[in-house]
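Structure record follows, encoded as structure tokens.
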Amino acid sequence: MQDLAVSPEPKICIYCRMGRVDYMQAWELQKKLADLVAAGGPDTLLLLEHPPTYTLGCRRGESNMLVPRDRLVSLGAAVINTDRGGDITFHGPGQLVGYPIVNLERMQTGPGTYLRLLEDTIVRALAELNVSAGRCGGYTGVWVGNEKIAAIGVKITASGITQHGFALNLNTDLDYFSHIVPCGIKDRGVTTLSRIVGHEVSLHDFATTVAGAFGASFDRKMVEVSCDELIR
């Protein structure tokens, strides 16, 4: 990524559709990209999916596991403690995960506004399929009615660089959520885009829609790069 280390136009955001990536591998990549962004590199959006993985945020959320940790592992899922905000949630096949690596100081934007822009990104993208989504009470995330379709949990480094991000349920197997209280919210359900529109949604194609929505919400020109360009 040496040739992209310094962006002549601060309003450029590069993005990469990565396919399925191990959670820890993606986390390490975020840290490396955060260093590049902090050094003046362009904002970056990773779009991918994970193999089955339960993650716990800074609140840890052990009390919101409805089964023992080893039972989750027996389902073929990893269970990982992270440094993002929020409680326990699930990542897995059919879920579009977005990791924006954004310099908030360069944007002159605070954490609260940043969260609202992420929510706005998802709302814009879903509107492309005529799905009406929005916020719900004081909860972070995106909802269709009383069911959450996208969870959000982020970290902001001391230098104002964002990590982690959002998880949008496209064709996700919701049975995985039955073993936890997702995000610690007991009185709301979860849903998927495919359930709402009545057919499976292409993760690869919808990632492009989300990238466009991200550019509109954050006022960025989105430039796609390959995985090779991103990590070299």
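The values are calculated or read from the model by the stated rules, or taken from the named source; none is laboratory data. Predicted model only: the values in this text are computed from it and were never measured. Don't worry about glycine lacking a Cβ; one is built from the backbone with ideal geometry, like all the others, and counts go over all protein chains shown.
Filter region 70-90 for residues that are free of Cβ contacts under 8 Å to residues at least 40 places away in the same chain and hydrophobic (A, V, I, L, M, F, W, C); which is farthest from Arg59 (Cα to Cα)?
First pass over region 70-90, keeping only residues free of Cβ contacts under 8 Å to residues at least 40 places away in the same chain: 70, 73-74, 76, 79, 81.
Next, only the ones that are hydrophobic (A, V, I, L, M, F, W, C) stay: 73, 79.
On the way: Val73: 20, Val79: 15 Å.
Here the answer is Val73.
Any residue in region 1-26 that is closer than 22 Å to Gly215 by Cα sitting within a Cβ distance under 8 Å of a residue that is at pLDDT below 50 and surrounded by 12 or more Cβ atoms within 10 Å (Cβ to Cβ)? List the pairs, counting only those 6 or more apart or interchain.
Hits for this filter: Ile14/Leu4.
Pairs needed: first member in region 199-228, β-branched (Val, Ile, Thr); second member anywhere, in a strand (DSSP E or B); C-beta distance under 6 Å; at least 6 residues apart or different chains.
Val223/Ile12; Val223/Ile14; Val225/Ile14; Val225/Cys16
For Pro100, work out the one condition from (1) touching a Ser or Thr at 6+ places or on another chain (Cβ under 8 Å); (2) surrounded by fewer than 22 Cβ atoms within 10 Å (Cβ to Cβ); (3) modelled with pLDDT of 95 or more it doesn't fulfil.
For Pro100, the failing item is (2).
Can you report the number of residues in region 123-179 which are of a type in the set (S, T, N, Q), touching a strand residue (DSSP E or B) at 6+ places or on another chain (Cβ under 6 Å) and not in a strand (DSSP E or B)?
Going through region 123-179, the residues of a type in the set (S, T, N, Q) turn out to be 130, 132, 140, 146, 157, 159, 162-163, 169, 171-172, 178.
The next check asks that each one be touching a strand residue (DSSP E or B) at 6+ places or on another chain (Cβ under 6 Å); those that pass are 140, 162-163, 169, 172.
Add one more test, that the residue is not in a strand (DSSP E or B), and what stays is 172.
Residues flagged as of a type in the set (S, T, N, Q), touching a strand residue (DSSP E or B) at 6+ places or on another chain (Cβ under 6 Å) and not in a strand (DSSP E or B) within region 123-179 amount to 1.
Could you go through region 190-200 and let me know if any residue there is in contact with a helix residue (DSSP H, G or I) (Cβ under 7 Å, 6 or more places away or on another chain) and among the polar types (S, T, N, Q).
Checking region 190-200: at least one residue is in contact with a helix residue (DSSP H, G or I) (Cβ under 7 Å, 6 or more places away or on another chain) and among the polar types (S, T, N, Q).
Identify, by number, the condition in (1) within 26 Å of Pro51 (Cα to Cα); (2) touching a Ser or Thr at 6+ places or on another chain (Cβ under 6 Å) that Val142 doesn't meet.
Val142 satisfies all of (1) within 26 Å of Pro51 (Cα to Cα); (2) touching a Ser or Thr at 6+ places or on another chain (Cβ under 6 Å) except (2).
Being of a type in the set (S, T, N, Q), more than 14 Å from the chain's Cα centre (by Cα), surrounded by 18 or more Cβ atoms within 10 Å (Cβ to Cβ) and at pLDDT 95 or above, is that true of even one residue in region 159-170?
The first filter runs over region 159-170 and keeps only residues of a type in the set (S, T, N, Q), leaving 159, 162-163, 169.
Of the ones still in play, those that are also more than 14 Å from the chain's Cα centre (by Cα) are 159.
Checking the rest, the ones that are also surrounded by 18 or more Cβ atoms within 10 Å (Cβ to Cβ) come to none.
No, region 159-170 has no match at all.
Just checking, how many residues over region 109-140 are modelled with pLDDT of 95 or more and either buried (at least 17 other Cβ atoms within 10 Å of the Cβ) or among the aliphatic types (A, V, I, L, M) (or both)?
Of the residues in that region, 16 qualify.
Under 8 Å between Cβ atoms, which residue pairs at least 6 apart in sequence (or on different chains) link something in region 91-114 that is acidic (Asp, Glu) with a partner that is not in a strand (DSSP E or B)?
Glu105/Ser159; Glu105/Gly160
So, in region 50-77, how many residues would count as being closer than 12 Å to Tyr176 by Cα and buried (at least 16 other Cβ atoms within 10 Å of the Cβ)?
Number of matching residues: 6.
If Phe177 meets every condition in (1) surrounded by fewer than 14 Cβ atoms within 10 Å (Cβ to Cβ); (2) more than 16 Å from the chain's Cα centre (by Cα); (3) not polar (S, T, N, Q) apart from one, which number is that one?
All conditions pass for Phe177, except number (1).
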